[in-house]
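Let me begin by presenting the structure, written as structure tokens, before commenting on it.
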Amino acid sequence: LVFALGYRGITASTTVGMLLGAFEILVFVGISLTLIVQAGSDNTLQVFGTHYANNPDYHGFSGVIAGSVFTILAFIGFEQAAPIAEEAHEPRRTIPLAILVSCLAIGGFYLLNTYASAVSFGPAKMIGFTANDSNPWQNVLARNAWGGVGFLLVFLALVNSIIANQNAANNSSTRTMFAMGRIKLLPEGFGRLNPF
């Protein structure tokens, strides 16, 4: 599928990439909002502080620092906008804007999902969130929110994510090889487009 999209061209592959991303985001936003509503009186802003710092190895703000290690890897991928700058309208303005907006949007998305999982699972129990299940979003939270349909949609979103990530990597790498071929850092053939 990724090869076929890349062969069809950047317009087809980026359009499909946006649709795949939208599906994944809609599934998780829907489940997150359902979990927040279901949590009812268990909703609390205390999850944004150190009140529930229940890891015995980290106390207070040190737990925030330790947890931030995982957020670094969550924010990779936004730089994929740079290699396709040639296809953008007004790239000097739109590419930095796209990178900034994507970072803010994905940060908000992560906050929503993390808050929903914390108030649904129980903030005091989050240290054991993955203790009995390596995929609690699919096997616990999605089932709690939407039953078997939630389980299936999260499964499809995860498979979809693999395809979307491969598609984005393909777009980025082919554009980089194309640019390197044009300036002769790679064989010139990489710098030519297929006329078909």
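The values are calculated or read from the model by the stated rules, or taken from the named source; none is laboratory data. The shown structure was predicted, so the numbers you read here are calculated from the model rather than taken from an experiment. In this analysis, Cβ positions are derived from the backbone assuming ideal geometry, glycine residues included, and neighbour counts consider all displayed protein chains. Each accessible area value is taken on the protein alone, full model and side chains, heavy atoms only, with ligands, DNA and RNA left out. Shrake-Rupley method; radii C 1.70, N 1.55, O 1.52, S 1.80 Å.
Please compute the length gained on full extension between Gln166 and Asn194, using 0.36 nm multiplied by the number of residues separating them and subtracting their Cα-Cα distance.
Length difference between fully extended and current span is 7.9 nm.
Whenever you get a sec, compute what percent of the accessible area on the chain sits on carbon and sulfur atoms (1.4 Å probe). Don't skip to the answer; put the middle values down first.
Numbers: 8510 of 12570 Å².
That fraction is 68 percent.
Leaving out ligands and nucleic acids, note down the accessible area per residue over the chain with a 1.4 angstrom probe, in whole Å². Let's see the in-between values first.
Details: 12570 Å² over 196 residues.
Per-residue accessible area for the chain comes out at 64 Å².
Calculate, in whole percent, how much of the Cα-Cα pair population of the stretch 1-58 lies beyond 19 Å. Mind dumping the intermediate values first?
On the way: 990 of 1653 pairs.
Pairs farther apart than 19 Å: 60 percent.
Students often get this wrong, so try it: which of [x] 1.00; [y] 1.06; [z] 0.94 is Rg/Rh (Cα atoms, Kirkwood Rh) as calculated from the structure shown?
Only one option fits the structure, namely [y].
How big is the charge dipole of the chain about its Cα centre, in debye rounded to the nearest 20, if each Lys and Arg gets +1 on its Cβ and each Asp and Glu gets -1 on its Cβ? Provide the component values of the computation, followed by the final result.
Numbers: 9 positive and 9 negative charges, 85 e Å.
For the chain, the charge dipole is close to 400 debye.
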